[in-house]
1. When a/c is below 1.5 the answer is rounded, else prolate if a/b is larger than b/c, else oblate, so apply that to the stretch 123-221 with a ≥ b ≥ c taken from the square roots of the Cα gyration tensor eigenvalues.
2. Per-residue ellipticity at 222 nm for the chain, helices alone: DSSP H runs ≥ 4 residues times -39500 (n - 2.57), over residue total, nearest 500 deg cm²/dmol?
3. Express in nm, to one decimal, how much length is gained between residue 73 and residue 207 on full extension, taking 0.36 nm for each residue of separation and deducting their alpha carbon distance.
4. So which residue, out of 244, 89, 201, gets the largest mean-square fluctuation from a GNM of the chain using Cα contacts under 10 Å as springs?
5. If I stretch the segment between residue 214 and residue 271 completely, what's the gain in nm (0.36 nm per residue apart, minus their alpha carbon distance), one decimal?
6. Please report the relative contact order for the stretch 215-270, taking Cα pairs under 8 Å with a sequence separation of at least 6, and give it as a percent rounded to a whole number.
7. Taking only Cα atoms, what is the 0 to 90° angle, nearest 10, from helix 52-65's long axis to the longest principal axis of the chain?
8. Semi-axes of the chain's equivalent ellipsoid from the Cα gyration tensor, sqrt of 5 times each eigenvalue, largest first, rounded to whole Å?
């Protein structure tokens, strides 16, 4: 006898989570909606995932579907685990990706825990990725719509979380999702998308950091150590950045590295950006075990970066990644996520 499922859908007031809920209700599942009220920079800059309008829209969708809808407060947890970590990362000279920590600690941590207490057996989201169960293990794959694929930011999940996870949109194109939303009469059907971090409230991240960090000017030097100019703070820069350095020369200059100890920004030509080795920390493998060192892999070093061939080298105190051709924009704090074909194997945070 199959135990009946009760599915909590993480709703954000957007079209993707709305359609995820709609598809599950149409398939006969027992569903309720959950929304987390997250920290924002102020009433004039509401969090993009839970603004008053988003809460109202999610409530309207739930009402149209005839499902319960709950809003849970998570402002303090989101601030301490995600926002403060974002600020600390930039203070340490990193380029953090807060969506990874949010997925691990908030969505599949706090939200899943609270959903379970409310009677849910599973958590569904509007992420674009696919899950399969093979030989007792859950495997994570890229979405059918490669333009929307979000397996990169789900690489932090393991078997414990995936056992209770549903991703209803993995097989759908984005255009089809909007069509379904219109067919169901959702107010969210044509909601525009935003690529900004949810807690910035529409601000540039540099403006946000300027409110939380003291000014810390220092030297800008070339990759030979020659002084060129001064900067207003290392947090304003990321590896691979070209615009906004404020130096003109015979060839474009890029941010090559950040020397946090000496508060120095190192710039150089694009050719100096390439790296063939880098180390990772906080490594997570989706199936719980690492691939063989000589296994053929592809690595993706940023959310929108192309995946390139790579292999792993395991040491007692670290894991190193070796790529065949130099890769630019390898920034400590970002995730390196590994794939075999369309399957996401897991990943880690670039440490150096």
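What follows is calculated from the coordinates using simple rules that are stated; it is not laboratory data. As the structure is a computational prediction, the values presented were derived from the model and not from experiment. As a convention, Cβ positions derive from the backbone with ideal geometry for all residues, glycine included, and neighbour counts pool all protein chains shown.
1. It comes out oblate by the Cα gyration axes.
2. Mean residue ellipticity at 222 nm (helix-derived): -5500 deg cm²/dmol.
3. 45.6 nm
4. Highest fluctuation of the listed residues: 244.
5. Once the chain is fully extended between residue 214 and residue 271, it gains 17.2 nm.
6. 37 percent
7. In the chain, helix 52-65 runs at an angle near 30 degrees to the longest axis.
8. After scaling each eigenvalue by five and taking roots: 37, 25, 17 Å.
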